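The values are calculated or read from the model by the stated rules, or taken from the named source; none is laboratory data. The model shown is predicted, which means the values in this text are computed figures rather than measured ones. Ideal geometry is used to build each Cβ from the backbone, glycine not excepted, and the neighbour counts take in all protein chains shown.
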């Protein structure tokens, strides 16, 4: 047997597919981390105004909410998740190659809109492809943690690259392109998931309506949305809060690293937690970590203590991420699984991000970061109670249906 034949056979094996998926998450989230955090800096470097930068970021968030669902639905209809993913990567590479030559707001707007339309749906597609390939869906968190490692490693490497004298900010485009090309070859090597091809029913818009009518499903999406509101408040104003208590720019970067460390730990724990308490309790547990984070960060006045506190943020996010993916996978019919994951990710990451940023900004402007975080702590306690009541109602309903 030749070397290439053995490699191909290994990639097709269960162990090979798991390794491939782990590195696919590593490259996918690492590619995003090499680009999105630095995009506003790039806009500023080419002379865009604050209003223009805010508009571009808002358009990206709003459009990606719509396309995350629409393209995920298309991949279910076509029953070709892998093909849609590959075409999206190819389109992103083309747009990124053009992007540095667009030097005005008007020319950048359609490019970033198209990029966002292609980038965001891949979250749901990669999640569902992983769930379809794995024999045990509970192993999802062990694979998904590759994305957390990717964010940590690639963010650091990208920062080191653009900090070098003479390296322009346009380097972020080329780092992003290289990572996407590597991801393209990894995804290309993945075997097609047979279960999507074998599904007899082609999804329709009626299936989406029926999905949202599943008892408790829409309410749990609401709970996920509430978590995302707090996440937006944490992300958008943390560095300002660190500065207000005397923290440095280096401490801000370290806080991100500690959060990623907590995220990695959380994903490793998620498999055991899900097996013991189930997906809904995982989401509730995520709120507990988030409440402690809000309270501790609000009352803390020692800059260095931000680091261990911020580990709680990473654990909370990983638990709600893994828990919500598992919940949707348990409830949604297989033939519309990618669409369901697209709805989940669009609500958790995009819709709640836009709304949460507006709410947090309003409170911050009038009350400052300390009071804002305390208000969100109370808000998270209320959300936790709602989630616990919803789970209790679910259990009663399930007991009636299965006496």
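Points worth noting:
- Candidate set: region 158-170, residues that are touching a residue at least 12 places away in the same chain (Cβ under 8 Å) and part of a helix (DSSP H, G or I); chosen: the one surrounded by the most Cβ atoms within 10 Å (Cβ to Cβ): 158
- The residue of region 45-55 that is surrounded by the most Cβ atoms within 10 Å (Cβ to Cβ), among those that are in a helix (DSSP H, G or I) and either modelled with pLDDT of 80 or more or not assigned by TED's automatic domain parsing to the domain that holds residue 106 (or both), is 52.
- Candidates 298, 340, filtered to the one that is under 30 Å from residue 129 (Cα atoms) and touching a residue at least 60 places away in the same chain (Cβ under 8 Å): 340
- Count of region 372-403 residues which are more than 25 Å from the chain's Cα centre (by Cα) and free of Cβ contacts under 8 Å to residues at least 40 places away in the same chain: 10
- A residue that is in the same structural domain as residue 54 (by TED's automatic domain parsing), over 24 Å from residue 72 (Cβ atoms) and either part of a helix (DSSP H, G or I) or at pLDDT 80 or above (or both) occurs nowhere in region 186-201.
- Residue match in region 222-232 (condition: under 18 Å from residue 294 (Cα atoms), at pLDDT below 85 and either in the same structural domain as residue 316 (by TED's automatic domain parsing) or surrounded by fewer than 14 Cβ atoms within 10 Å (Cβ to Cβ) (or both)): yes
- Residue 276 vs. criteria farther than 25 Å from residue 350 by Cα and at pLDDT 85 or above: yes
- Flag not set for residue 312, criterion: more than 19 Å from residue 222 (Cα to Cα), touching a helix residue (DSSP H, G or I) at 6+ places or on another chain (Cβ under 7 Å), free of Cβ contacts under 8 Å to residues at least 40 places away in the same chain and in the same structural domain as residue 371 (by TED's automatic domain parsing).
- Identity of the residue in region 9-42, in a helix (DSSP H, G or I) and free of Cβ contacts under 8 Å to residues at least 40 places away in the same chain, that ends up nearest to residue 115 (Cα to Cα): 36
- Failed condition for residue 71, given (1) in contact (Cβ under 8 Å) with a residue 40 or more places away in the chain; (2) closer than 28 Å to residue 264 by Cα; (3) surrounded by 17 or more Cβ atoms within 10 Å (Cβ to Cβ): (2)
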